[in-house]
Amino acid sequence: MTRAEFITRLRRGLAGLPVTTIADIVADHEAHFADGQAAGRTEAEVAAALGDPDRLAREMRAEAGLKSWEEKKTPSNAMGAIIALIGLGALDVMFLLPLLMGVLGALFGFLVAVVTMFVAGGFVFAAGPLTAPPGGPITAFLAGLGLMGLATCFGALLTLVTIGVFNAVVWYARLHYRLLKPAIEQA
């Protein structure tokens, strides 16, 4: 593979990252080619030593997604990191995807339950005193507040569990990458 082919495939794989990030990565790989040619190696030898440009691009996209998640924990950064990790470990996805989908389904089910509990508490809070419940209007008012408070507590716990699950997936991906890195570098 020539230098131009390698760089073109690398750029194509990095599409979607910030322009400055792409420029830095490409400049680093251009420097590898320049150093290799200065040492008397051919472009094909340097390209072979650097590895598959598509794989390199996936790894760098995954790393960029993880960094953005660590800098700012937002849903969009989480989704970007998940997509990048899926691209990096396509084979692992076949094994982890059913488990991960089950966990995400359960988390979504708990989210629906929390929202339903909060809405029900709001209904009891607002309409309960007007319907003459047993125990009087104060009981309905306090029961509604209690349901809303309990839903808020469960929502906070659900948020912590969701962040923990995502961090576990990130940890696994990093561990997996560290284990594969020596094999990738030898190839």
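The values are calculated or read from the model by the stated rules, or taken from the named source; none is laboratory data. No experiment lies behind these values; they were computed from the predicted model shown. Positions of Cβ are generated from backbone atoms using ideal geometry, with glycine treated the same way; all protein chains shown enter the neighbour counts.
Give the residue that is nearest to Thr8 (Cα to Cα), with candidates limited to residues of the stretch 45-54 that are touching a residue at least 12 places away in the same chain (Cβ under 8 Å) and surrounded by 14 or more Cβ atoms within 10 Å (Cβ to Cβ).
Per the stated criteria, the residue is Pro53.
Please work out if Arg41 is over 27 Å from Trp171 (Cα atoms), free of Cβ contacts under 8 Å to residues at least 24 places away in the same chain and of a type in the set (Lys, Arg).
yes
Taking only pairs six or more apart or across chains, which ones have beta-carbon atoms under 8 Å, a first residue in the stretch 130-145 that is surrounded by 14 or more Cβ atoms within 10 Å (Cβ to Cβ), and a second residue that is part of a loop (DSSP other than H, G, I, E, B) and not basic (Lys, Arg)?
Close Cβ pairs satisfying both conditions: Thr139/Pro133; Ala140/Pro133.
Out of Ala173, Ala183, report the one residue that is modelled with pLDDT under 80, within 30 Å of Ala47 (Cβ to Cβ), surrounded by 14 or more Cβ atoms within 10 Å (Cβ to Cβ) and among the hydrophobic types (A, V, I, L, M, F, W, C).
Exactly one residue qualifies, and that residue is Ala173.
Quick one: Gly51 ticks every box in (1) under 29 Å from Trp171 (Cα atoms); (2) in contact with a Phe, Trp or Tyr (Cβ under 8 Å, 6 or more places away or on another chain) bar one, so which box is it?
The number of the failed condition is (2).
Quick one: how many residues across the stretch 111-129 are within 36 Å of the chain's Cα centre (by Cα) and crowded, with 16+ Cβ neighbours inside 10 Å?
The number of residues fulfilling the criteria is 4.
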